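The structure that follows is given in the form of structure tokens.
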Amino acid sequence: MCRYLAAKSEADHYDRELRREQEEIDTIPDSEAAEVAEYGVEPHEYGPVVNALRKNPQAWLDFMMKFELGLEKPDPKRALQSALTIAIAYVLGGLVPLLPYMLIPVAQKALVASVMVTILALLIFGFAKGYFTGDRPVWSALQTALIGAIASAAAFGMAKAVQG
């Protein structure tokens, strides 16, 4: 949900800035043209570029959005893709510690298996994360497993406390 909201907020922000920038181009075009000078470009140098952009209003708007505001048009499918990706990850990630309980009838043995399988999955995920992000894979694996183990232990402890 957070990823969906973040992507949606980014798209909403872009749309607001796009409308504001379009309004400025329509109402104060000379001020908008002069903003190019903020990049250290002299009027005789940016004049031909601005004149060319003025002939193509959409290109001028795109130029100002990208170079003045540093905003790229967000992919409209991103919010939904983010939501689906997170949902699938939660389901698959949640199955890892639960599978032993589905397969092993004795709860105490299932708990031990769940801890081992979960730590192994965290080590593998952490290693892959480190490998693909250019971080040290072994360090990333250990860090991910440690943080996951602490979070799992805290959740287990809270459940025990509530249970009585």
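The values are calculated or read from the model by the stated rules, or taken from the named source; none is laboratory data. As the structure is a computational prediction, the values presented were derived from the model and not from experiment. FYI the Cβ positions are ideal-geometry reconstructions off the backbone, even for glycines, and counts take in every protein chain you see. Remember, those area values only see protein heavy atoms, side chains included, never the ligands or the DNA or RNA. Shrake-Rupley method; radii C 1.70, N 1.55, O 1.52, S 1.80 Å.
Using a Cα distance threshold of under 21 Å, what count of lysine pairs results for the chain when pairs must be 8 or more residues apart or interchain?
For the chain, the number of qualifying lysine pairs is 6.
Exactly which GluC sites (Glu not before Pro) in region 29-91 are in a DSSP loop and have at most 14 other Cβ atoms within 10 Å?
Values: sites: GLU32, GLU35, GLU38, GLU45, GLU68, GLU72; in loops: GLU72.
Here the GluC sites (Glu not before Pro) that fit, given the DSSP loop and packing criteria, are GLU72.
Something else now. Using alpha-carbon pairs under 8 Å, 6+ residues apart, how would you state the relative contact order of the chain in percent?
RCO, the chain: 18 percent.
Using a 1.4 Å probe on the protein chains only, how many percent of the accessible area of the chain belongs to carbon and sulfur?
Reported share for carbon and sulfur atoms: 68 percent.
Restricting to Cα pairs below 8 Å that are 6+ residues apart, what does the relative contact order work out to for region 23-119? Please round to a whole percent.
14
Take each of the peptides 122-131, 84-93, 48-57, average the number of other beta-carbon atoms within 10 Å over its residues, and list them starting from the highest.
The most tightly packed comes first, giving 122-131, 48-57, 84-93.
Now a separate question. Only helices at least 24 Å long along their axis, Cα-based, and averaging 1.0 or more on Kyte-Doolittle count here, so list those DSSP H runs from the chain. Before the final figure, lay out the partial values.
Details: long enough: 2-27 (37 Å, -1.57); 78-103 (37 Å, 1.42); 107-133 (38 Å, 1.50); 137-163 (38 Å, 1.09).
Helices meeting the span and hydropathy rule in the chain are 78-103, 107-133, 137-163.
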